[in-house]
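Remarks on the structure that follows.
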Amino acid sequence: MSNSYHPGLENVIASETAISYLDVEKEEIVVRGYDLIELAQNATYLDVAGLLIEGTLPTEDERNTLEERIKSEYGLPRNICSILRLLPEQADLMDVLRTGISALASYDEELEDRSKEANTRKAIRLLAKVPQIVANGYQAKTKRVFVNPREDLSYTANFLYMITGRVPTKMEEDIFDQSLIVYSEHEMPNSTFAARVIASTQSDLYGALTGAVASLKGTLHGGANEAVMEMLLAAGSEAGLETLMLSKLAQKERIMGFGHRVYMKKADPRALLMKDALAALALEKNQPELYAMCVAGEEVMKREKSLHPNLDYYAAPVYYLLGIPIDLFTPVFLAARTIGVSSHVMEQHANNRLFRPRVHYTGPRNLHP
Ligand SMILES: CC(=O)SCCNC(=O)CCNC(=O)[C@H](O)C(C)(C)COP(=O)(O)OP(=O)(O)OC[C@H]1O[C@@H](n2cnc3c(N)ncnc32)[C@H](O)[C@@H]1OP(=O)(O)O
Ligand SMILES: O=C([O-])CC(=O)C(=O)O
């Protein structure tokens with residue numbers, strides 16, 4: 001047995017996959033042969049969803065069919081709505097989402113069918129229903145009436161509409177769609193790994209996604225986008241952000257939205273795309289100071305720690321300007337990632353080997369009761 005031990009599995013190859021790959025040298029996020037950033041610039045979220053589950057970029061007709069199939073799955077079982085309402089007001093919305101997805105499993109008649117066809121149908125159902133759980137988890141928490149999806153809107157416009165209660169402008173819809181694309185898939189982050197580990201026991205897609213929600217909640221992963229926005233609001237200005245960052249660094253605290261296990265010494269290409277989106281949105285919403293503050297924070301981190309922003313740093317203020325409540329930032333990330341996680345679970349089911357690593361034991365031996 002090999003004795004090599006890599007804390008955090010750093011640089012360990014854990015899987016073979018044909019879904020995506022972070023080519024750090026070329027600064028490219030390869031998704032089924034395409035550059036994720038080019039997809040975000042030239043395709044739609046549903047194109048990328050089709051690409052992830054089917055393996056090829058859909059034609060316009062195929063994308064329209066996918067959208068129709070998703071819309072035909074809109075709607076939540078009444079009991080799921082009741083479950084969301086039963087959770088306490090103080091519940092974290094990632095916990096609400098985790099509970100909602102977990103409960104939804106029992107309503108899927110194909111739950112135990114691991115075939116590619118059944119898993120594809122389940123992924124499409126999840127694409128339809130997860131945004132509704134996200135939006136209505138918030139409605140339940142804030143004791144408001146539930147929102148129903150609007151089939152006359154595009155998938156993306158409807159998602160934002162369900163969250164904000166307002167039909168987005170074309171610009172808002174396009175920027176939100178770009179954000180969903182850049183959040184959709186990212187090789188082997190902790191949440192995707194967690195889902196694949198669960199799926200490797202031949203457990204089901206809903207269970208694997210439920211595990212991924214729990215993983216994504218943490219601030220070292222998806223939870224960082226909410227923490228970034230709290231930091232920006234607490235700082236209030238460029239000077240305030242510099243002071244706050246310096247004091248956190250002096251106390252050896254991590255600054256949310258900076259650093260990345262894979263990109264630690266390079267920029268996250270997704271962050272750069274969201275930075276451009278923020279520049280445009282801040283101008284449109286007459287909030288140039290928010291963009292200026294983020295850029296100033298980026299400079300501080302480059303100067304003090306040689307660290308680059310990750311996607312969460314710039315996605316957070318973009319979501320803020322789109323009118324998304326802060327405690328929905330991570331649930332929205334999960335909704336976008338649902339399709340990436342689903343395609344990994346499908347790949348795991350199709351070519352499975354149980355994950356079961358060994359340990360470097362540091363405890364005592366030869367004790368007797
Ligand atoms: C979409 C996403 O999920 S992206 C990730 C979102 N998460 C965050 O933004 C949280 C903040 N970032 C971090 O905590 C880290 O960068 C992680 C968890 C993402 C990656 O961490 P690791 O790969 O474990 O890096 P590691 O802990 O080895 O850090 C290397 C060095 O950079 C420092 N560092 C890394 N990130 C940060 C940060 N955000 N703030 C301050 N210092 C940092 C570490 O303190 C360490 O310094 P040292 O060598 O002087 O001790
Ligand atoms: O890749 C990672 O470790 C985290 C990340 O950026 C993502 O999940 O989008």
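Structural remarks
- Ala335 vs. criteria within 16 Å of ligand 2 (Cβ to nearest atom), at pLDDT 95 or above, small (Gly, Ala, Ser) and within 25 Å of Thr17 (Cβ to Cβ): yes
- Where a residue in the stretch 96-121 is in a helix (DSSP H, G or I) and its partner, wherever it lies, is open to solvent by less than 30 Å² (accessible area, probe 1.4 Å) and modelled with pLDDT under 95, with Cβ under 7 Å and at least six apart: none
- Condition met for Leu249 (within 20 Å of the chain's Cα centre (by Cα), within 16 Å of ligand 1 (Cβ to nearest atom) and aliphatic (A, V, I, L, M)): no
- Hey, Arg63 in a helix (DSSP H, G or I), more than 23 Å from His221 (Cβ to Cβ), open to solvent by 30 Å² or more (accessible area, probe 1.4 Å) and in contact with a Gly (Cβ under 9 Å, 6 or more places away or on another chain) or not: yes
- Among the residues of the stretch 216-236, those identified as open to solvent by 10 Å² or more (accessible area, probe 1.4 Å), in a helix (DSSP H, G or I) and within 12 Å of ligand 1 (Cβ to nearest atom) are Lys217, Glu226, Ala227, Met231.
- Sole residue being buried (at least 18 other Cβ atoms within 10 Å of the Cβ) and under 23 Å from Ser191 (Cα atoms), chosen from Ile101, Ile13: Ile101
- Residue list for the stretch 313-331, restricted to those being open to solvent by 10 Å² or more (accessible area, probe 1.4 Å) and either β-branched (Val, Ile, Thr) or touching a Phe, Trp or Tyr at 6+ places or on another chain (Cβ under 8 Å) (or both): Pro325, Ile326, Asp327
- Considering residues of the stretch 79-98 that are aliphatic (A, V, I, L, M) and open to solvent by 40 Å² or more (accessible area, probe 1.4 Å) only, the residue nearest to Thr330 (Cα to Cα): Leu87
- Of all residues in the stretch 123-142, those that are of a type in the set (D, E, K, R) and crowded, with 24+ Cβ neighbours inside 10 Å total 1.
- Pick from the stretch 165-215, criterion farther than 30 Å from Val145 by Cβ, among the aliphatic types (A, V, I, L, M) and within 16 Å of ligand 2 (Cβ to nearest atom), ranking: surrounded by the most Cβ atoms within 10 Å (Cβ to Cβ): Ala195
- Residue check for Thr210: away from ligand 1 (no atom under 16 Å from the Cβ) and in contact with a Ser or Thr (Cβ under 6 Å, 6 or more places away or on another chain): yes
- Every test in (1) surrounded by fewer than 17 Cβ atoms within 10 Å (Cβ to Cβ); (2) under 25 Å from Asn190 (Cα atoms); (3) touching a residue at least 60 places away in the same chain (Cβ under 8 Å) is passed by His6 save one, and that test is (3).
- Of the residues contained in the stretch 244-266, none is found to be assigned to a helix (DSSP H, G or I), of a type in the set (Gly, Ala, Ser), surrounded by fewer than 21 Cβ atoms within 10 Å (Cβ to Cβ) and touching a residue at least 12 places away in the same chain (Cβ under 8 Å).
- Helices (runs of 4 or more DSSP H) fully within the stretch 274-369 that include at least 3 residues being of a type in the set (A, V, I, L, M, F, W, C) and in contact (Cβ under 8 Å) with a residue 60 or more places away in the chain: 311-321, 329-350.
- Some residue of the stretch 286-296 being over 26 Å from Leu249 (Cα atoms) and out of contact with any Leu (no Cβ under 9 Å at 6 or more places or on another chain): yes
- Inside the stretch 16-37, residues that are touching a residue at least 40 places away in the same chain (Cβ under 8 Å), closer than 18 Å to Tyr263 by Cβ and open to solvent by 80 Å² or more (accessible area, probe 1.4 Å) make up a count of 2.
The values are calculated or read from the model by the stated rules, or taken from the named source; none is laboratory data. Nothing here was measured: the structure is a model prediction, and the numbers come from that model. In this analysis, Cβ positions are derived from the backbone assuming ideal geometry, glycine residues included, and neighbour counts consider all displayed protein chains. Please note that ligands, DNA and RNA were not included when accessible areas were found on the heavy atoms of the full protein model with its side chains. Shrake-Rupley method; radii C 1.70, N 1.55, O 1.52, S 1.80 Å.
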